[in-house]
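A.B. asks: This is the structure, below, for whatever I ask next.
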Amino acid sequence: MPIWNPEYESMPRDDLEKLQGQRLSQIAAYVYHKIPIYRRKFQEMGLTPDDIQGLDDLKRLPFTTKQDLRDEYPFSNFAVPIEDVVRIHASSGTTGKPTVGGYTRKDLALWAEVMARTVTSCGVTNKDIAHNAYGYGLFTGGLGFHLGYQTVGATVVPVSGGMTRRQLMLLEDFGATVMTCTPSYSLVLAEEAAELGINFRDRMKVRVGIFGAEPWTEEMRREIEERLGLEAYDIYGLTEIIGPGVSVECEYHNGMHINEDHFLPEIIDPKTGEQLPYGAEGELVFTTLTKEAMPVIRYRTRDLTVLHAEKCSCGRTVVRMEKVRGRTDDMLIVRGVNIFPSLIEKTLLNVDGLEPQYQIIVDRSKEQLDRLEIRVEANHRFFDPIDTRVLDQLRADAESALLQTLGIRTDVKLLGPNSLERSLGKAKRVVDKRELYEG
Ligand code: ADP
Ligand code: ZN
């Protein structure tokens, strides 16, 4: 498959690392001179920009956390005056103030470039009609993809989120060949189609789906590809770095290629901050090498993954990151056991008869014991008429599968079709009621 910018995406690693080193020392000087919080951080560590000569000096630089960016809300961490900023985006900000992203004209051109690489990696060309169901607005998903599709010359349909039936009509009438949204919303589209008596697989021409913005497992990919009849690509990004366009899979689906000439990745031990080698799991950290309005140095994403640097069969030489296992702050500690929601998803989807719709509820009993309840929808065929014998068996199967993978007992509650609330954007899988009792 074609590569949008082979000069950079397939650059020999030695050359790439040299380029990254040069850009790193430039950006270190830039943030030192332009952004007060970085100058403060450098001074506290006794660092000057001259200390940063190449990639080996990366680990000497200070980290940036989400809290650092919140403290500078809204614009104090911009490196340029506001009159040079032509666009603002923001993260959803479920807890407290959102983090803001600012873009100069040059940053938007960079975004267009990395998004053109992204959609090309998924096989999109100017012949495609692209149904873009990511939200348009402060969220980076909608406008980010919009730029990418336009740049490669695809016909973009800026449908944004919501009005699911209308989306189905447009998908069919316009003959979309590519679609983008969260993985959870892709299932909502398939379900709504089924409700209307339409088989999404057969009726729609969509051959490629580019899904991201939330963690999803290989099991979920299988489910989505089967129901929608398309090839599903994972895409990763975050507002603090640029939005979508940080990394994406190629046709080999063996990890997401990072646009490393612009976004320098590292993996660290989340507890000690120590840099870890390729192949080790830890927290993903990014330094933006070329951004103008809002460069960040060693930004801690809180996302857990593994990096691999071997050349890929597609010809790209940039590193690949594995599917994100979850955020460090999504990890549940239940009765002393660490549990990632993605492990629960994987286990449930391997039980035949369960639907890919679930919610995890953690609660604490009067005796201070944590309880893990998993609500999951069972296939509609068990409800019409209701077959309690089969449902009891299914519940027992799910509980024993979860006991085996998690190592602790859970209570599974089976629900009928469409019982759980569907999301137009990022799905909310975990409800932690224990927070109510704290303090
Ligand atoms: P918010 O922090 O409000 O969710 P963003 O929209 O910037 O704001 O979301 C970025 C976060 O979304 C990432 O840090 C990561 O946790 C998650 N994310 C994005 N893409 C993926 C993906 N493909 N797989 C797993 N998680 C993802
Ligand atoms: Zn590849």
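A.B. asks: Any idea what the dipole of the chain comes to, in debye rounded to 20, about its Cα centre with Lys/Arg Cβ at +1 and Asp/Glu Cβ at -1?
C.D. replies: Result for the chain is approximately 660 debye, rounded to the nearest 20.
A.B. asks: Ok, one more. Computed from the mean reciprocal separation of all distinct C-alpha pairs, what Kirkwood hydrodynamic radius does the stretch 332-437 have, in Å?
C.D. replies: So the Kirkwood estimate lands at 14.4 Å.
A.B. asks: Sticking with this structure for a sec: If you bin the C-alpha pair distances of the stretch 101-215 every 10 Å from 0, what whole percents do you get?
C.D. replies: P(r) over the stretch 101-215, rounded to whole percents: 14, 48, 30, 7, 1.
A.B. asks: Using Cα positions and a limit of under 26 Å, work out the lysines in reach of Lys426, with same-chain residues fewer than 8 apart set aside.
C.D. replies: Here the lysines satisfying the reach criterion relative to Lys426 are Lys66, Lys97, Lys205, Lys323, Lys346, Lys413.
A.B. asks: Taking the Cα-to-Cβ direction at Asp57 and at Met1 and moving 7 Å from each Cα, how far apart do the two end points lie in nm?
C.D. replies: Placing both labels 7 Å beyond Cα along the Cβ direction yields 3.9 nm.
A.B. asks: Which whole number in µm²/s is D for the chain by Stokes-Einstein, with the Kirkwood Rh taken over Cα pairs at 20 °C and 1.002 mPa s?
C.D. replies: 93
A.B. asks: Calculate the spin-label point distance for Asp14 paired with Thr65, positioning each point 7 Å from the Cα along the beta-carbon direction, and give it in nanometres.
C.D. replies: Taking the two extended label points, one gets 4.1 nm.
A.B. asks: So how strong a dipole does the stretch 65-144 carry about its Cα centre when Lys and Arg Cβ are +1 and Asp and Glu Cβ are -1, to the nearest 20 debye?
C.D. replies: So the dipole magnitude of the stretch 65-144 works out to roughly 200 debye.
A.B. asks: Return Val376, Val157 ranked ascending by Cβ neighbour count within 10 Å, so the fewest neighbours appear first.
C.D. replies: Taking fewest neighbouring Cβ atoms as first place, the list is Val157, Val376.
A.B. asks: Could you tell me whether the stretch 225-356 comes out rounded, prolate or oblate from its Cα gyration tensor? Rule is a ≥ b ≥ c as square roots of the eigenvalues, rounded for a/c under 1.5, then prolate if a/b exceeds b/c, otherwise oblate.
C.D. replies: Since a/c reaches 1.5 but b/c is at least a/b, the shape of the stretch 225-356 is classed as oblate.
A.B. asks: Additional query: Return the ratio Rg/(2.2 N^0.38 Å) for the stretch 185-257, where Rg is computed over Cα atoms only.
C.D. replies: 1.20
A.B. asks: Oh, and also: Which parts of the stretch 380-406 would a label at Glu219 reach, counting a residue when its backbone N lies under 15 Å from a point 7 Å out along Cα-to-Cβ?
C.D. replies: Zone members listed by number: 394-406.
A.B. asks: Along the Cα→Cβ direction, 7 angstrom out, place labels at Asn199 and Val337. What is the inter-label distance in nm?
C.D. replies: Reported label-point gap for Asn199 and Val337 is 4.0 nm.
A.B. asks: Sticking with this structure for a sec: At 0.36 nm per residue, minus the direct Cα-Cα distance, what do Lys106 and His253 gain on full extension? Give it in nm, one decimal, please.
C.D. replies: Here the segment from Lys106 to His253 would lengthen by 49.8 nm.
A.B. asks: Right, another one. Do the sum for the chain: with -39,500 (n - 2.57) for every DSSP H run of n ≥ 4, divided by all residues, what is the mean residue ellipticity at 222 nm, to the nearest 500 deg cm²/dmol?
C.D. replies: -9500 deg cm²/dmol
A.B. asks: Can you list the chymotrypsin sites (Phe, Trp or Tyr not before Pro) in the stretch 256-331 that are in a DSSP coil and have 15 or fewer other beta carbons within 10 angstrom?
C.D. replies: The qualifying sites are Tyr278.
A.B. asks: For the stretch 108-168, what mean projected area does the convex hull of the alpha carbons give, in nm²?
C.D. replies: Averaged projected hull area, Cα only: 4.1 nm².
A.B. asks: Among the aspartates and glutamates, which fall within straight-line cross-link reach of Lys41, defined as a Cα-Cα distance under 17 Å, with same-chain neighbours fewer than 8 residues apart omitted?
C.D. replies: Answer for Lys41, where 17 Å is the Cα cut-off: Asp50, Asp51, Asp57, Asp68, Asp71, Glu72, listed by chain and number.
A.B. asks: What residue among Leu369, Thr48, Gln22 has its Cα farthest toward the positive end of the dipole of the chain, where the charges are +1 on Lys, Arg and -1 on Asp, Glu, each on the Cβ?
C.D. replies: It is Thr48.
A.B. asks: Which loop-located trypsin sites (Lys or Arg not before Pro) does the stretch 329-405 contain, where loop means any DSSP state but H, G, I, E or B and the Cβ has at most 15 other Cβ atoms within 10 Å?
C.D. replies: Sparse-neighbourhood loop trypsin sites (Lys or Arg not before Pro): Arg335, Lys366.
A.B. asks: Turning to a different aspect of this structure: Counting only C-alpha contacts under 8 Å and six or more residues apart, can you give the relative contact order of the stretch 1-327 as a whole percent?
C.D. replies: Worked out over the stretch 1-327, it gives 18 percent.
Computed from the coordinates by the stated procedures, all read-outs in this text should not be read as laboratory data. Every value quoted in this text rests on a predicted model; they were computed, and no experiment measured them. Note that we place each Cβ from the backbone using ideal geometry, even for glycine, and neighbour counts take in every protein chain shown.
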